[in-house]
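Working notes, structure below.
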Amino acid sequence: MEHGSETHEEKVVLHDVEPTPSDFQRDLLTGLQNLPKWVPCKYLYDDVGADLFEQICGLEEYYPTRVETSILKGCLNEIVSAIGPNAVLVDLGSGSSAKTELLLSALEDCVAYIPIDISKQQLIEVAHDIRRRHPRTEVLPVCADYHKPLKLPTPTRAFQRTVFFFPGSTIGNFEPGEVVSFLKRFAVISNPGDAFLLGMDLQKERSVMESAYNDPRGITARFIKNILARANRELQAGFDLDAFRHRAFYNAEAGRVENQLVSTCRQTITLAGVTVNFEPNEPVTVEHSYKYTLGGFQSLIHRSGYRLEKVWMDEQRYFSVQYLLSETHGDI
Ligand code: AVI
């Protein structure tokens, strides 16, 4: 567990283990010194990136948010009855406040809401908002990187089960092996009956998937480029943003959309005394968005200490919302 601090603001206590600029610098250098080059997509989400991602979620082409929300709305009664009363809802990546609001409004006496997010500003806003709307639910925000081991704050009231809510197909941004280790990390801190409610994007026609990541207004391009802009802001990295272009395409063999930044020329940057050279047309992978078949994803779940209890989909089978039950006693 990392060291944290607590900030008291209008009755919402923030558990603060936000990653530091030195984490970003180390991870950025590691990825840029690799061949092929890559940078970890979790660093897309500073306050600027979180705001750009909000905009992406409202785009016509970006179907995941719209379709997932319609599944949550249409199947809300079933979802809520699967969860049952007196739950603790742990929101992994609280940028999803509209979806969370749907759940919190329908859940029977939700004991506590624990939003966890890397983007502190957005986290604090969400926490206050939920606190105002749901005064009976204890709100315990945690500013942290949920890719790392995590200790959850303990709610004051007794509760029935913990449900980890991971919407938006963010799990698709992990490599398949990471999905297993990620889920296992929650399985070991779970009791039987605790659950994972997650959104998972499904494989479909290439054109639909590629359009979602190539919007004509260029918001996705700005979002992906923000990782370099952030390095300039926080690490004085000196990237020339105009010397990189965004490229997104579906890699059918791997079952993923790849978001890359392609160097438009031969160029050099220096970061913390380390020189990194880029060739013309050299790609830097920023993000993979895996799209699964139901069966393909289920084989990962089975290796993770969970079993699939229920799955809800839209009519076109573009997207799935899956309810996984923990099968462990912390013994995985
Ligand atoms: C957060 N994540 C699931 C999004 C995705 O679709 O992979 C991030 C994103 N990248 C480009 N557009 C949206």
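Values quoted throughout were computed directly from the atomic coordinates according to the rules given, and no laboratory measurement underlies them. Remember, it's a predicted structure, so these values are computed and weren't measured experimentally. Because the Cβ atoms are built from the backbone with ideal geometry, glycine has one as well, and the counts that use them run over all protein chains shown.
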Inset, instruction - Mind sorting THR154, THR69 by how few other Cβ atoms lie within 10 Å of their own Cβ, fewest first? - result: THR154, THR69
Legend entry - HN-Hα J in Hz across region 249-265 - Karplus 6.51, -1.76, 1.60, θ = phi - 60°, x for Gly and Pro: 8, 8, 9, 5, 5, 8, x, 8, 8, 9, 9, 10, 10, 10, 5, 7, 7
Legend entry - Cα gyration tensor shape for region 193-265, rounded if a/c is under 1.5, else prolate or oblate: oblate
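Assuming 0.36 nm per residue, please report the length gained on full extension of the stretch HIS134 to GLU327 beyond their Cα-Cα distance.
66.4 nm
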Legend entry - Fewest-first ranking of MET200, MET313, using other Cβ atoms within 10 Å as the exposure measure: MET313, MET200
Legend entry - Amide hydrogen neighbours beyond the local backbone of PHE164, cut-off 5 Å, H modeled: VAL90, ALA195, PHE196, LEU197
Inset, instruction - Would you please state which residues of region 15-34 a label at GLN267 would reach in this model, taking the label point 7 Å out along Cα→Cβ and a backbone N cut-off of under 17 Å? - result: 29, 32-33
Inset, instruction - Figure the gain on full extension for LEU76 and VAL274 (residue separation times 0.36 nm, minus the Cα-Cα span) and round it to one decimal in nm. - result: 66.1 nm
Inset, instruction - Multiply the residue gap between GLU175 and SER299 by 0.36 nm, knock off their C-alpha separation, and tell me the result in nm, one decimal place. - result: 43.2 nm
Inset, instruction - Specify whether the C-alpha gyration tensor of region 42-84 places it in the rounded, prolate or oblate class, a ≥ b ≥ c being the square roots of the eigenvalues: rounded for a/c under 1.5, otherwise prolate if a/b is larger than b/c and oblate if not. - result: oblate
Legend entry - Within the chain, percent of DSSP bridges classed antiparallel, to nearest 5: 65
Inset, instruction - Enter the Cα centre distance for the pair region 292-332 and region 227-274, rounded to the nearest angstrom. - result: 33
